[in-house]
Amino acid sequence: MNRETQKIIQYLDEAHATELGLVRVLQSQIAMTPRGSYRTALERHLTETRDHARRIEARQRALGRRGNPIQAGIGAAETVLAQGLAIAKTPLDLLRGSGGEEKVLKNAKDAAATEALEIATYTAIERLARDAGDDETARLAASIRADEERMLARVLQEIPKLTDAVVGADVRDDGSYDVAKTGAADASRAAARKTATKAKRTAARSARRVAPREQDLGIPRYGKLTADEVVAKLPELSQTELAQVEAYERRTGKRTTVLARIETLRGDEPWSGYDRQNVDEIRSRLDKADDATAKAVREYERAHKSRAGVIEAAGRELTSA
């Protein structure tokens, strides 16, 4: 690996760590932000941020990231640091300001600063990649930077309205912050609805404790593939197939790379039976879906099979909502 590629990987490590840390920060901010245009923007950017991390990770692998133990150690340290900062910041987010309105405003100002930092990061990556003749990395950086620029513009657009809310609450005693309409309250209600689903998944996992045979896995010639080759095929699998691979891997190879990737892919389907449906069936269901379902479909699809027809249909539904 030449020095230019090593430097690009170093910068991608920094960007990847920032995106992973930002996921936790966005989650904490959504939890205290009432329903409305600003929370919608945060939720959309959370989906984008997760997608950014996945795309950077894929590019790192393409550049040989896993083959360089020194770079791998640096990247792991930066990821732990970014996530640690995010975790430490979460309780401060919950306590800052004199009221709910001010907490949300201060979080928005932090968000603006974070977006500016990310724009600078991806500007540097794009220039470095172009100087090194790595057009693919340059295009990736430019694409992600465009998302960050849109988010910064959206945050700056929201700040005057959030400031007006602070004036109403702290100056005129006319507060508008309703804790029952925050993401935390919505999450509590959603948790109750998911109880039955989780019970079914627990039963299914118990039934799968008898580890499957290699020939039963959803990846042909599994035993002859390297960890990286298995990881590349995992997004194509359903949740049931992922569980089978996980059970088999824990019983046999216990390759941490494979198990870690499975962990990032595990999650609830947007609806029961989703993994078994084709593009046309999913499009038909999306025609009657609400905004939250369309978001769930787009995020889940990007993390798994990444079928263009499904992602486009979910995007159209969100645009028309």
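The values are calculated or read from the model by the stated rules, or taken from the named source; none is laboratory data. The structure displayed is predicted, hence computed values, not measured ones. Please note: Cβ atoms are built from the backbone with ideal geometry, for glycine as well, and neighbour counts cover all protein chains shown.
What residue, of 286, 265, 318, is within 30 Å of residue 41 (Cα to Cα) and in contact with a Pro (Cβ under 8 Å, 6 or more places away or on another chain)? None of the others qualify; the one that does is 265.
Considering 120, 72, which residue is of a type in the set (Gly, Ala, Ser) and modelled with pLDDT of 90 or more? Going through 120, 72 in turn, just one is of a type in the set (Gly, Ala, Ser) and modelled with pLDDT of 90 or more: 120.
Scanning region 25-40 turns up at least one residue that is out of contact with any helix residue (DSSP H, G or I) (no Cβ under 6 Å at 6 or more places or on another chain), among the hydroxyl-bearing types (Ser, Thr, Tyr), closer than 16 Å to residue 299 by Cβ and outside the structural domain of residue 303 (by TED's automatic domain parsing). Of all residues in region 113-128, exactly one satisfies the criterion of being surrounded by 15 or more Cβ atoms within 10 Å (Cβ to Cβ), of a type in the set (A, V, I, L, M) and under 10 Å from residue 148 (Cα atoms), namely 119.
Note on region 272-288: residues that are within 26 Å of residue 39 (Cα to Cα), out of contact with any Phe, Trp or Tyr (no Cβ under 9 Å at 6 or more places or on another chain) and surrounded by 14 or more Cβ atoms within 10 Å (Cβ to Cβ) total 1.
Can you say whether residue 84 is at pLDDT below 90, in contact with a Phe, Trp or Tyr (Cβ under 6 Å, 6 or more places away or on another chain) and surrounded by fewer than 21 Cβ atoms within 10 Å (Cβ to Cβ), as far as the supplied structure shows? Full working, then the answer.
On the way: at pLDDT below 90: yes; in contact with a Phe, Trp or Tyr (Cβ under 6 Å, 6 or more places away or on another chain): no; surrounded by fewer than 21 Cβ atoms within 10 Å (Cβ to Cβ): yes.
When the stated conditions are applied, residue 84 does not pass them.
Yes or no, residue by residue, for (1) more than 24 Å from residue 311 (Cβ to Cβ); (2) touching a helix residue (DSSP H, G or I) at 6+ places or on another chain (Cβ under 6 Å):
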| site | (1), (2) |
| --- | --- |
| 214 | yes, yes |
| 244 | yes, no |
| 252 | yes, no |
| 261 | no, yes |
| 264 | no, no |
| 272 | no, no |
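Only residues that are modelled with pLDDT under 85, farther than 22 Å from residue 35 by Cβ and exposed (fewer than 13 other Cβ atoms within 10 Å of the Cβ) were counted in region 289-321, giving 1. No other residue among 185, 138 is in contact with a Lys or Arg (Cβ under 6 Å, 6 or more places away or on another chain), part of a helix (DSSP H, G or I) and surrounded by 14 or more Cβ atoms within 10 Å (Cβ to Cβ) apart from 138.
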